[in-house]
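I have placed the structure first, in the form of structure tokens, so that the comments after it can refer back to it.
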Amino acid sequence: MSQLAVKGKAPMTGYDRNDKFGNGWKDPDGNKCDARQDILTRDMTNVVYKDSLQCTVASGTLNDLYTGKSINWKVKAGSVDIDHAVALGNVWISGGQQLSQDQRVAVANDPLNLIASDASANRAKGDENAAEWLPPNKAFRCQYVATQISVKHKYALSVTAPEKAAMAKVLDTCPAQLAAEVTPIKPAGQSKAKTEAPAEEKKVDTAAKEPAATQLVHPGAFCSDAGATGTGKKNGKPYTCKASDTEDRLRWRA
């Protein structure tokens, strides 16, 4: 947990589930079954499929980790949801705004962040973090918190101070609990702005090196800035503002 940055919550401004995290479930592993079906298959027993490809789940039994209940589920029953361990609203306010669109779609469909759960428990949780909501089933809290830590580490997400304290309190009860090993991503949402900045700086530097406009002068005319240079208005020859051996007054002279 020490690898997680501790920050306050960012504003919820701009959050839109479908616009920012993708509309509908995707197929991150390319097995032609979307993430929802994969998680139902992974987390349920006695699974029955609607199709011969064994992709779309028609029914099954969920031993719900959030509540400890056994749920006999079938399509349209409404009793089982696919929950995001780190809710997408929480992703948005803990670093998700710095992720690229592809990275946000990835965290929304990452099996690491998905848990089949009792629908009522999932909806009671909403977008809350570990300081605000924990599974009623205390036996699952250690694994739940460890999963959140893994997800936040993988996607460069922060925790609030109360959230970190709540996580630590849970993990103190299970010192042997391990988090999943992950490879952290580099947030790519600001990459465009970062690549454009050097070009802008280069443009400024180039402009600074441009020579000043040449002063056009009339040869022999009086001048006041000794040492100044100019170009003859009609002949284009170079002239300097200076005195001569026979005259102390400054004139434009070759």
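Relative protection proxy for 162-175, 108-121, 130-143, 222-235, from highest mean packing down: 108-121, 130-143, 162-175, 222-235 (other beta-carbon atoms within 10 angstrom). When a 1.4 Å probe is rolled over the protein heavy atoms, the share of accessible surface on the chain that falls to carbon and sulfur comes to 51 percent. Extension gain, residue 100 to residue 165: 0.36 nm times the residue separation minus the Cα-Cα distance gives 20.5 nm.
Helical runs assigned H by DSSP (4 residues or longer) give the chain a calculated mean residue ellipticity at 222 nm of -9000 deg cm²/dmol, each run adding -39500 (n - 2.57) before division by the residue total. Principal-axis analysis of the Cα atoms of the chain puts helix 141-154 at an angle of about 30° to the longest axis. For the chain, relative contact order (Cα pairs under 8 Å, six or more residues apart, normalised by length) works out to 17 percent. Antiparallel beta bridges, as assigned by DSSP with both residues in the chain, represent about 90 percent of the total such bridges. Could you calculate the FRET efficiency of residue 216 with residue 243 from 1/(1 + (r/R0)^6), where r is the beta carbon distance between them and R0 is 22 Å, rounded to 0.05? It comes to 0.55.
For region 80-105, the residues whose amide N sits under 20 Å from a probe point set 7 Å from the Cα of residue 58 along the beta carbon direction are 80.
A 1.4 Å probe run over the chain, with the rest of the protein chains in place, finds 58 Å² accessible per residue. The HN-Hα couplings worked out from phi for region 20-27 by the Karplus form 6.51 cos²θ - 1.76 cosθ + 1.60 (θ = phi - 60°) are 8, 10, x, 8, x, 7, 9, 10 Hz, whole numbers, x standing for Gly and Pro.
Axis angle, to the nearest 10 degrees, between helix 161-171 and the longest C-alpha principal axis of the chain: 40 degrees. Going by alpha carbons, how many degrees (0 to 90, nearest 10) lie between the helix axis of 191-209 and the longest principal axis of the chain? For helix 191-209, the angle is close to 10 degrees.
Using the structure shown, select from 9/169; 76/164; 26/138; 76/152; 20/69; 9/69 the pairs with a Cα to Cα distance greater than 26 angstrom. Going by Cα-Cα distance, 76/164; 26/138; 76/152; 20/69; 9/69 fall outside the 26 Å limit.
The values are calculated or read from the model by the stated rules, or taken from the named source; none is laboratory data. All figures in this text were calculated on a predicted structure; none of them were measured in a lab. Neighbour counts run over all protein chains shown; Cβ positions are idealised from the backbone, glycine included. Please note that ligands, DNA and RNA were not included when accessible areas were found on the heavy atoms of the full protein model with its side chains. Shrake-Rupley method; radii C 1.70, N 1.55, O 1.52, S 1.80 Å.
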